[in-house]
Amino acid sequence: MMDQKKMLLNWIEQDREALIDFLSCFIQAKSPNPPGDTREAAAYIKSFLDARGLPYRVIAPQETMPNIVASFEGPAPGPHLVLNGHIDVFPAGDSDNWTHGPWSGAVVDGRIYGRGATDMKCGTTASIFAYAYLHRIRDQLKGKLTLTCVSDEETFGPWGARYLLEHHPEVHGDCCLNGEPSSPLTIRFGEKGPLWLAFTIQTTGAHGAYPHVSASATKIAARLIVELESLADIQAVVPAQVEAVSHRNADLIDEALGKGAAEILHKVTVNIGVIDGGLKVNMVPGTCKLEVDIRLPVGLDKESVMAEVQKIVARHPEVSCREINYTPPSWCDPNGEMVRYIQQNVRALKGFEPQPIASLGGTDARLWRYRDVPAYVYGPFPRNMGAADENVEIEEFLHVVRTHLLAAYDYLC
Ligand SMILES: [Zn+2]
């Protein structure tokens, strides 16, 4: 087994330049979402699989958003591992702010630059290469390995992993491994759930000199915003295992997610993403609209939060509330089999053990967890994720490839 692992690591060493080149070209194959057209980037993955004689299917319920699914089985029965990564990326924003163009895939000073470098073309590349290497030794593996490269992730869209899981039960598997940014220090076993609400405040409005005639929609919005802060006081019923690892890894959570993260991980947070109200300085606003991003911790359901929201709304007859989007929080066993494999391999490769933590942001891994399939995220640091000059260190990228390959290998042995 050790010899075989050495061989796998040697393959990565031999392919060092090919791996760097693959990620660079993958970034150059633009796939910003919105609009989410991933055909060029998907064609790039297909050409890689074609060149290696790896069979795959394209499942594209929405023509511009193809999903690529490949699968093989070993000769002996065993569990089914799914490697999942998304192809679409955030939009580039203003390219003038980038030192290297957002679609350059520039390889400079040990880093690869471009939109998607860390979120998540690095991780998806790790899935693709791990799949290709393990395919070579499939005769010696147990169980089944599936690769899913999906579209429509960045906007919680319905045409990517959600479609696959609903319509193709063959991709459920027994465990899912995903290379979204996590930092090499942590393994993500859970995540908060976003609940997006739109509030509309409607009054009659008036001339600015006549505030006695109409209530102000913007002033009511201001009061509403302050009152929504009280949602942070709702107590989640955090599962004991989750509580235990969060307590143990509080410092690491702050290190990986920014100082203060451990404190909000198990609390409701409220972000007023959009305020839109008023027409003119000398008019009492008759309408104001808010879009609010509420994040539910593991152990809390939408109904508990909405009950509080409705209480607040009931205090203001001018306010109505509508749900824009909801995805429940998710978690799986923080001490699961895959966690151990990742830890053991990273210890052997780097001398430290990444620790399981729940995460703040959303990933497709949740979709597997909803189906009671444990799903773990292990990927690079989120360097400039969603900002200009997004990049990944080459050494970190290769570390993610090695870890995914060896952990998947252990799982199928
Ligand atoms: Zn992502």
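Number of residues in region 338-349 that are of a type outside the set (Ser, Thr, Tyr) and either touching a helix residue (DSSP H, G or I) at 6+ places or on another chain (Cβ under 7 Å) or buried (at least 22 other Cβ atoms within 10 Å of the Cβ) (or both) equals 6.
Inside region 25-43, can you point out the residues that are surrounded by fewer than 19 Cβ atoms within 10 Å (Cβ to Cβ) and either of a type in the set (D, E, K, R) or outside any loop (DSSP other than H, G, I, E, B) (or both)? Once the filter is applied, which keeps residues that are surrounded by fewer than 19 Cβ atoms within 10 Å (Cβ to Cβ) and either of a type in the set (D, E, K, R) or outside any loop (DSSP other than H, G, I, E, B) (or both), region 25-43 yields CYS25, GLN28, LYS30, ARG39, GLU40, ALA43. Somewhere in region 196-213, is a residue more than 16 Å from the ligand (Cβ to nearest atom), within 19 Å of LEU300 (Cβ to Cβ) and surrounded by fewer than 21 Cβ atoms within 10 Å (Cβ to Cβ)? Yes, the conditions are met somewhere in region 196-213.
Go over the candidates VAL82, VAL89 one by one and state the one that is open to solvent by less than 40 Å² (accessible area, probe 1.4 Å), within 16 Å of the ligand (Cβ to nearest atom) and not basic (Lys, Arg).
VAL89
Of all residues in region 43-71, those being touching a strand residue (DSSP E or B) at 6+ places or on another chain (Cβ under 6 Å) and under 23 Å from PRO102 (Cα atoms) number 2. Considering only residues that are of a type in the set (S, T, N, Q), under 19 Å from ASP174 (Cα atoms) and either out of contact with any Ser or Thr (no Cβ under 8 Å at 6 or more places or on another chain) or within 16 Å of the ligand (Cβ to nearest atom) (or both), which ones fall in region 120-150? Correct list: SER127, THR148.
If you go through region 168-186 and keep only what is surrounded by 21 or more Cβ atoms within 10 Å (Cβ to Cβ), of a type in the set (A, V, I, L, M) and more than 16 Å from the ligand (Cβ to nearest atom), you end up with just VAL171.
Residues that are open to solvent by 10 Å² or more (accessible area, probe 1.4 Å), hydroxyl-bearing (Ser, Thr, Tyr) and closer than 21 Å to ALA388 by Cα within region 110-167 comprise TYR113, THR155, listed in sequence order. Scanning region 341-359 for residues that are out of contact with any strand residue (DSSP E or B) (no Cβ under 7 Å at 6 or more places or on another chain), more than 21 Å from LEU412 (Cα to Cα) and touching a residue at least 24 places away in the same chain (Cβ under 8 Å) yields LYS350, PHE352.
The values are calculated or read from the model by the stated rules, or taken from the named source; none is laboratory data. Owing to the predicted nature of the structure, the values given are computational and were not obtained by experimental measurement. Quick reminder, even Gly has a Cβ in these numbers, built from the backbone with ideal geometry, and neighbours come from all protein chains shown. The accessibility values were calculated without ligands, DNA or RNA, using every heavy atom of the protein model including side chains. Shrake-Rupley method; radii C 1.70, N 1.55, O 1.52, S 1.80 Å.
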